[in-house]
Amino acid sequence: MRSEVVNGFRDGIPIAMGYFAVAFSLGIIAKKAGLTAILGFVSSFFTRASAGEYGVYTLVALNTAYVEIVAISLVANLRYMLMSAALSQKIAPHTPWYHRILMACCITDEVFGISVNHKGYTPPAYTYSAALISTLCWASGCAAGIIAGGLLPSPIVSALSVALYGMFIAIIMPPSRTDRNVLYAVVASFILSGLCAIAPLVKEWSPGTRTIVLTVGISFLAAWLKPIKETDHGEA
């Protein structure tokens, strides 16, 4: 067990370093939403999802209703349900149920990646240690960004806040270049988002509601019109 803890920390350190940099930019957004460093640390510690947290902080800044905040969090983080199901196949059959639940709560994109690639069954201690070190840096980075947002001049804060948008572009561009269907979905999301902001009736909706409806609608249409074939999925 001790070796698995050490291995988890070792593999989690590179993830933690990247998390700190991204979460720092996220902290700038959280500062604009009025969060304190303590609130930013706690929320990031238990969320650990850049897209989900960005959506939440944006809606908080707009004084959006709680139900919309919960809804956007669920929509943005639905992928973790699939990751949990996949990781369950890498857990030893005799592993207690509470370890399975805790391991699912530790999942992020990167922690999931190293956990499913673990040789043989993935011990809970490995996932816990990797998640702990990366989560501490993620939460600390968000808190540091909030503190910096209150100390740095406004032009610098505005420049740093653009970094998070750059991260999102870096996420969507590679698959858009290799998969034409993803490119169509991305272009459609930009166009429909702009149209909904000026369309009658729809423009009266809150930004959170428009985001939720567009996310679910475009994802549904993309999956219905261009489903991923089993052979393509296996080759990927």
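Brief remarks on what is shown
- Spin-label pair residue 119/residue 45, simplified geometry with 7 Å Cα→Cβ offset, distance in nm: 3.5 nm
- Zone of residue 105's modelled label, taken as backbone nitrogen in segment 131-145 under 13 Å from a point 7 Å along Cα→Cβ: 132
- Trypsin sites (Lys or Arg not before Pro) restricted to DSSP loop in segment 89-147 with at most 13 other C-beta within 10 Å: 119
- Each part reduced to its alpha carbon centroid, segment 1-55 and segment 68-120 end up 17 Å apart.
- Pairwise label distance in nanometres, residue 74 with residue 147, each label 7 Å out on the Cα-Cβ vector: 3.7 nm
- Kirkwood estimate for the chain, i.e. one over the average of 1/r between Cα atoms, Å: 19.4 Å
- Fully extending the segment from residue 17 to residue 225, taken as 0.36 nm per residue of separation minus the present Cα-Cα distance, adds 71.0 nm.
- Relative contact order (percent, whole number), the chain, Cα cutoff 8 Å, 6+ residue spacing: 33 percent
- In plain terms, the bigger the Kirkwood radius, the slower the diffusion; for segment 1-121, with that radius from Cα pairs, at 4 °C and 1.567 mPa s, Stokes-Einstein puts D at 81 µm²/s.
- Estimated FRET transfer efficiency when R0 is 41 angstrom, pair residue 184-residue 94 (beta carbons, to 0.05): 0.35
- Ranking by accessible area, most exposed first, for 173, 81 with a 1.4 Å probe: 81, 173
The values are calculated or read from the model by the stated rules, or taken from the named source; none is laboratory data. Note that the structure is a prediction, hence the values are computed from the model and not measured. All Cβ positions, even for glycine, are placed from backbone atoms using ideal geometry, and neighbour counts span all protein chains on display. Please note that ligands, DNA and RNA were not included when accessible areas were found on the heavy atoms of the full protein model with its side chains. Shrake-Rupley method; radii C 1.70, N 1.55, O 1.52, S 1.80 Å.
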